[in-house]
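K.L.:
My questions will all concern the structure given below.
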Amino acid sequence: MSSHAANLGMCDSDSSFVNWHSIVDHISFNKQILYELNYYVGILAVSEINEAIDRQVVYQTLSALQSSAASLSHVDAANAEHYQQLLARVKSEKAQV
């Protein structure tokens, strides 16, 4: 039994094999961590997009929209000015509500 596996509690005391419940517990725990990380990465991406819109620098807004953290697809550089104008208008309208 590896000391690492024993430290993680993944091995039965009677054998050197990882038991099924330990594997499921660790996979579930890791999935939860990944879910939470993706959630916070998404929040940071939205924050970055909002800051870029506020700076009114088209290429920064485009870059924020195209970042992998934003998880947006089909963001076309040819539409960068349109994205900036549209998002700035929507953000302004939302602030007035």
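The values are calculated or read from the model by the stated rules, or taken from the named source; none is laboratory data. Because the structure is a prediction, the values reported are computed rather than measured. Quick reminder, even Gly has a Cβ in these numbers, built from the backbone with ideal geometry, and neighbours come from all protein chains shown.
K.L.:
Go through (1) in contact with a helix residue (DSSP H, G or I) (Cβ under 7 Å, 6 or more places away or on another chain); (2) assigned to a helix (DSSP H, G or I) for VAL75 and report which single condition fails.
P.N.:
So VAL75 meets the others, but not (2).
K.L.:
A further question follows. For segment 57-72: of the residues being among the aliphatic types (A, V, I, L, M) and assigned to a helix (DSSP H, G or I), which is farthest from ILE43 (Cα to Cα)? Give the derivation first.
P.N.:
Within segment 57-72, the subset among the aliphatic types (A, V, I, L, M) is 57-58, 62, 64-65, 69-70, 72.
Next, from what is left, pick out any that are assigned to a helix (DSSP H, G or I): 58, 62, 64-65, 69-70.
On the way: VAL58: 21, LEU62: 17, ALA64: 12, LEU65: 13, ALA69: 9, ALA70: 9 Å.
The qualifying residue farthest from ILE43 (Cα to Cα) is VAL58.
K.L.:
Right, another one. Please find, within segment 78-97, the residue that is modelled with the highest pLDDT out of those that are out of contact with any helix residue (DSSP H, G or I) (no Cβ under 6 Å at 6 or more places or on another chain) and small (Gly, Ala, Ser).
P.N.:
ALA78
K.L.:
To continue, here is another question. For segment 50-97, how many residues meet the condition of being of a type in the set (Gly, Ala, Ser), surrounded by fewer than 17 Cβ atoms within 10 Å (Cβ to Cβ) and over 26 Å from LEU37 (Cβ atoms)?
P.N.:
Looking only at that region, the number is 5.
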